[in-house]
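What follows is a short report on a single structure.
The values are calculated or read from the model by the stated rules, or taken from the named source; none is laboratory data. The shown structure was predicted, so the numbers you read here are calculated from the model rather than taken from an experiment. No Cβ is skipped: glycine too gets one built from the backbone with ideal geometry, and neighbour counts run over all protein chains shown.
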Amino acid sequence: MTWTDALEFLRGPLFRIAFLVFVAGLVYRLIRVVALGWPKDRVLSAGSKTKGVATTYAKGIGIFPFIPWVKQTFNGNAVTFLAGAMFHVGLILVIIFGTAHMLAWKSLLGFGWPTLPVPIIDWLAAATIVAMVALLVNRFTHPVVRKLSGPAEFLNWTLVFLPMVTGYLMTHHLFFRYEALFSLHMLTVDVMLIWIPFSRLSHFVFYFFSRTIHGAQFGKRAVTP
Amino acid sequence: MGEETIYEHLTQQGVSRRDFLTYCGVIAGGLGFNRLAPVSASGLPEKLADVPGADLTSFVSHALQTKPRLPVIWLEFQDCAGCTEALTRSQSPTLVDLVLNKISIDYHETLFAAAGFQAEAARQAAMEKYAGQYVLVVEGSIPVADDGVYCTVGGRTAVAILEEAAAGAAAIIATGNCAAYGGLPKAKPNPTNAKGVMELIADKPVVNIPGCPAIPEATTGTIANFLVFGELPELDDLGRPKAFYGTTIHDRCLRRPFYEAGKFAKSFDDEGARAGWCLYKLGCKGPTTYNACATIKWDGGLSFPIQSGHPCLGCSQPDFWDGGGFYQGQSAPLDRPAATVVGAAAVVGAAAGAGFAVANRSAKKKLVSIDATPGEETS
Amino acid sequence: MTTTQIALDTFVAETGGWVASQLEACTRCGICAEACHFYQATGNPDFSPVWKIEVLRKAYEQRMTLGGKLKAAFGIEKKIDDQELIDWSKLVYEACTVCNKCSMACPMGIELGPLIHDVRSGLAAAGLVPDDLAAAVQKQLDEGSPLGVTDDVFADRMDWVQDDWEVDIPIDKEGADTMVVFSSIEIMKFPENLADIARILNRAGENWTLSSKGREVVNFGFYEGSHEHTALFLQKLIDAAEELKVKKIVVTECGHAYDALRWTAANLIDVPKELEITHIVALMDKFVSEGKIKLKKGVFDGGGGIGFHDACKIQRRGGHIEEPRRLLNILAPDSFRELTPNKEQGICCGGGGGVIAIKEADPYRFAVFGLKIEQAEKAGADTVVMACSNCRLQFLDGIQHYGSELKIKGLSNMVAEAMEGGD
């Protein structure tokens, strides 16, 4: 079994399995929660729930991740804000606007889109990796975060970190042969895809529930969320 | 053997000493020694260390002056003869001409004027005469399905012919992707169960010169290596000579700076394409393809696909025909489930989720009627 | 059935999509702790809001998810036991005022306040409520008020206020448009509120009344978390309103009572859609803007800086943020100083959520009150105004505890004092 053979398997049959598990698992998780039933809110609104939702999304995604220091909660846990924002921004931009990734999406979706220059993606990837290391250190040093961190949190971190690191090594042809690094990248990506639906990594799906509920609850009371 | 040496043969043909030395330089170059960066990958420095005071050309010159011509038997199976065509169309006739005509080809299905039983008889004779010494070159894949009936020559299966020829060969060169890895015939659904030489012959040294076609200089350079050193060059883990297959197209590509800068052609003949930008977005498989196209190039160094504006197909890699499509990004997964399969997975997930939720809800219903008066239990 | 089992069953019974999706959204980032004044004041990570709901999370995962069931089965995560619930009772009742600042801080937008409320609900069902609080609930069940405002006490107090303050307070008036409900804290501890609010309503020409049946707006069932008790106390008010055929209920200076009646009641009991529920702070603002009462400008200027304490359940969770500011800009335009943070980001006084009723919680509520003193000092406020009588109690206790010179005022009292014209 050469690295070329391994690559064929990890990009081929194993990816197929991982992707299907990812889809089935996420839908399962979503339906399992959503189908639990939603009580109707019979309280009369004083303000607009819709406006609250729009405001909280605008603030939560569009504004505060980029200027977290204005928040009162910043000083006690600056690392989570800064490294967390960098991590998310970098992750999303690299996965969507990195040329190599865009071509993978194109093969799955049937259409592609413009991408960012390789040197910029490269810088983002490096910054994201540094951010992840900072977040890991924070899980050991911050008293609150340490209390909240168990095996699941460290496993989640590892399975997200490995694809990033292998991807970076691969792009730079560092240390090992390209097929070996590509294989490791695909292996770690496949494992991560399988793990996402069964862990808190799927928070990106539930974000839309909690954020919307939050906006509605505050909008209902005519308070800015 | 008492045969004349190559040098003697050449001088008989009217080649002057000066020309002979030039030819040696060409062969030395063709062995990949001074044209490719990964010289050490070719294993040459170790070999040269054994020869005191040697420089390449004199080394080659010495070999050709002392060795007899090399018998070469060239078999074709499930092939298109493209590798042979590439050789004969090659515009570096010096090396090719040298190796094929001046060194020796004792049997070549395509090149021989003879045909039919006479050609077969000539082959048998050569195999017997040079048993244990000849180099067997194989072009085309070998089908094994249905007892190998899908490729027969003179009523005999390719498998049988190969096994017989391999038995008496000193070394086997599988030229072209088909002979190396199964090539086009092996592409899905692979009805003939095509195989490369390595999958069938385990007891003789086999070197793969994949490509579609193989670069002529790679084939002849490897033959020359066997001629000069009496053994096959150092190989990578896919059986390819490191001298020619030691680096990827991507690493030697003239358009690499555009890749790094993120300047990609988005479609054929668009602005970027005309400006000679990187063809990664058009499906170039350069990063995972090991070959010498970007350095030795084709037609005597004239050009190679990327230089001419077409993305690399990855034709020196196993299973490149099933590699996801020539215009699909190199980074894309090879196996993508169809939309219906994905939909089915989603349905399965939804059903499982709904089932679980229903079970949870009925469990909840049973709990709602619990007595919840505080102060009932001690705290 | 064991205590633990009742609590867990209650957690599960209350977990629908609304709760589950938010429990699933948590990424264990710990930012909620940075917004919690109990954590900020003590540095104890146990007080992190997310940690306070850990028992709910575990119950949900271990009972309603595949992963949780497997983790419990293989011993990767322990099942919840009696001691754990006792420990958590302390956390959610003594070190949480359900102020909901954590809800605003969570990067995922998780509504931690209601989730903590759910934890209390399970603990209440299991009888794991701190003794002091349980006793107060029992008193409200038995006597109609946690501070003992029985029928007789109510009648007596009303007579006394009307006499001493020379103000008319209609009770059980038929044909009234508005039913006003006081908190027993005001009735027993700040009787001037009764007089001042009555005076304001009378001056504005409001057709109002108290109800002897629906006389207590405080809802200790709400603090306790028991849906049954919360509903019971709310029903009394709705019944009284329906009996009197009023169009509007006004909650006076109380915070959690407003949260319970305005923002929770309709999901627990039937509340007629036409029945308007409002807070005295909003009503006073309305009176001013409609010209029904006139306030002398700057009555309270010249007495040092005046800050406004945003009550969690009236401002952040109530929505009446600008009303008190509009009033203060008339009452003390030159002295008004905004605290930092303020409005919907305001810091809780530390006495809400039932904490003030629990003796064992005193160290915690005094610790967090230190933050309020700091705020007042930083803003240059010598006096702090508020529109919640529970906050007032906490402020008075806290000021005494710290030996601070800070003064406090009730907003209704200020409005009454500044009203122009004769009675």
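The table that follows gives values for the structure above.
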read-out	value
Residue that is surrounded by the fewest Cβ atoms within 10 Å (Cβ to Cβ), among those in the range C:382-413 that are over 21 Å from the mean Cα position of the chain (by Cα) and part of a helix (DSSP H, G or I)	C:400
Qualifying position, being away from every other protein chain (no Cβ under 13 Å) and in contact (Cβ under 8 Å) with a residue 24 or more places away in the chain, among A:171, A:188	A:188
Among residues of the range A:9-25, those that are in contact (Cβ under 8 Å) with a residue 60 or more places away in the chain, facing chain B (nearest Cβ under 7 Å) and closer than 21 Å to residue A:207 by Cβ, counted	2
Conditions (1) in contact with a Pro (Cβ under 6 Å, 6 or more places away or on another chain); (2) not in a helix (DSSP H, G or I); number of the one not met by residue C:320	(1)
Residue C:12, sole failed condition from (1) at the interface with chain A (Cβ under 10 Å from one of its Cβ atoms); (2) under 11 Å from residue C:122 (Cα atoms); (3) not aromatic (Phe, Trp, Tyr)	(1)
Residues that are surrounded by 16 or more Cβ atoms within 10 Å (Cβ to Cβ), among the basic types (Lys, Arg) and within 24 Å of residue B:365 (Cβ to Cβ), drawn from the range A:1-46	A:29, A:32
Tally, over the range C:260-301, of residues that are in a loop (DSSP other than H, G, I, E, B) and either closer than 16 Å to residue C:203 by Cβ or in contact with a helix residue (DSSP H, G or I) (Cβ under 8 Å, 6 or more places away or on another chain) (or both)	17
Subset of the range C:24-64 [more than 9 Å from chain A (Cβ to nearest Cβ), among the hydrophobic types (A, V, I, L, M, F, W, C) and farther than 20 Å from residue C:120 by Cβ]	C:41
Qualifying position, being within 11 Å of chain A (Cβ to nearest Cβ), surrounded by fewer than 22 Cβ atoms within 10 Å (Cβ to Cβ) and touching a Lys or Arg at 6+ places or on another chain (Cβ under 7 Å), among B:251, B:236	B:236
Tally, over the range C:44-68, of residues that are of a type outside the set (Val, Ile, Thr) and over 20 Å from residue C:368 (Cα atoms)	13
Lone qualifier among B:87, B:162 - being surrounded by 22 or more Cβ atoms within 10 Å (Cβ to Cβ), modelled with pLDDT of 80 or more and in a helix (DSSP H, G or I)	B:162
Candidates B:204, B:186, filtered to the one that is surrounded by 16 or more Cβ atoms within 10 Å (Cβ to Cβ), of a type in the set (Lys, Arg) and touching a residue at least 24 places away in the same chain (Cβ under 8 Å)	B:186
Residue match in the range B:256-263 (condition: more than 25 Å from residue A:113 (Cα to Cα) and more than 9 Å from chain A (Cβ to nearest Cβ))	no
Those residues of the range C:323-366 which are closer than 16 Å to residue C:313 by Cβ, acidic (Asp, Glu) and in contact (Cβ under 8 Å) with a residue 60 or more places away in the chain, in sequence order	C:344
